Amino acid sequence: MCKKKEDDGKVYAVKVFREDDEEKRMVLLKEPLVLKKLNHPNIVKYVDHFDNQLKGEIHMVMEYVNGMEVMDHLASQPDHVYTEETAKEIFKQVLTGLEYLH
């Protein structure tokens, strides 16, 4: 998580990608170009990105969404899988714009 100095304490999420392969770096740098164009209530909003070539890192700043990560939620399920009913409920709620993971 991070905060902008000029924002009144608004919290953002930062994804850090580490990639030494130049071809893969170029692919990663295309993602922000696509994310900038997306505007939907069920898609996390892109804010900015930084390419730190000295460390081989790309930092992508996104809207912060409070809740559990999907993989953590899945890991908490019996046998680490969703039942068909749970999966249907998740997709139904996502499609209607409701938050499922708290």
Problem set entry | Test for Glu84: is it modelled with pLDDT of 80 or more and open to solvent by less than 90 Å² (accessible area, probe 1.4 Å) | no
Exercise. Are any residues in the range 55-79 part of a loop (DSSP other than H, G, I, E, B) and among the small types (Gly, Ala, Ser), and if so, which ones?
Worked result: Gly56, Gly67, Ser76
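State which residue is nearest to Gln93 (Cα to Cα) when the search covers only the range 22-38 and only residues that are over 14 Å from the mean Cα position of the chain (by Cα) and open to solvent by 70 Å² or more (accessible area, probe 1.4 Å). Let's see the steps before the verdict.
Applying the first criterion (over 14 Å from the mean Cα position of the chain (by Cα)) to the range 22-38 yields 22-27, 29-30, 33, 37.
If we keep only those that are open to solvent by 70 Å² or more (accessible area, probe 1.4 Å) too, we end up with 22-24, 26-27, 30, 33, 37.
Numbers: Glu22: 39, Glu23: 37, Lys24: 34, Met26: 35, Val27: 31, Lys30: 30, Leu33: 28, Lys37: 24 Å.
Going through the qualifying residues, I end up with Lys37.
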Exercise. For the range 39-49, what are the residues that are under 30 Å from Lys92 (Cβ atoms) and of a type outside the set (S, T, N, Q)?
Worked result: His40, Pro41, Ile43, Val44, Lys45, Tyr46, Val47
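Given the residues Tyr12, Tyr82, which is the only one that is over 24 Å from Met1 (Cα atoms) and either part of a loop (DSSP other than H, G, I, E, B) or under 15 Å from the mean Cα position of the chain (by Cα) (or both)?
Working: Tyr12 fails: over 24 Å from Met1 (Cα atoms).
Step by step, each of Tyr12, Tyr82 is checked, and only Tyr82 is over 24 Å from Met1 (Cα atoms) and either part of a loop (DSSP other than H, G, I, E, B) or under 15 Å from the mean Cα position of the chain (by Cα) (or both).
In the range 39-54, which residues are surrounded by 10 or more Cβ atoms within 10 Å (Cβ to Cβ), assigned to a loop (DSSP other than H, G, I, E, B) and free of Cβ contacts under 8 Å to residues at least 12 places away in the same chain?
Of everything in the range 39-54, just one residue is surrounded by 10 or more Cβ atoms within 10 Å (Cβ to Cβ), assigned to a loop (DSSP other than H, G, I, E, B) and free of Cβ contacts under 8 Å to residues at least 12 places away in the same chain, namely Ile43.
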Exercise. Could you count how many residues in the range 12-21 are open to solvent by less than 50 Å² (accessible area, probe 1.4 Å), closer than 16 Å to Met62 by Cβ and not aromatic (Phe, Trp, Tyr)?
Worked result: 1
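The values are calculated or read from the model by the stated rules, or taken from the named source; none is laboratory data. Note that the structure is a prediction, hence the values are computed from the model and not measured. Please note: Cβ atoms are built from the backbone with ideal geometry, for glycine as well, and neighbour counts cover all protein chains shown. Heavy atoms of the whole protein, side chains included, go into the accessibility calculation; ligands, DNA and RNA do not. Shrake-Rupley method; radii C 1.70, N 1.55, O 1.52, S 1.80 Å.
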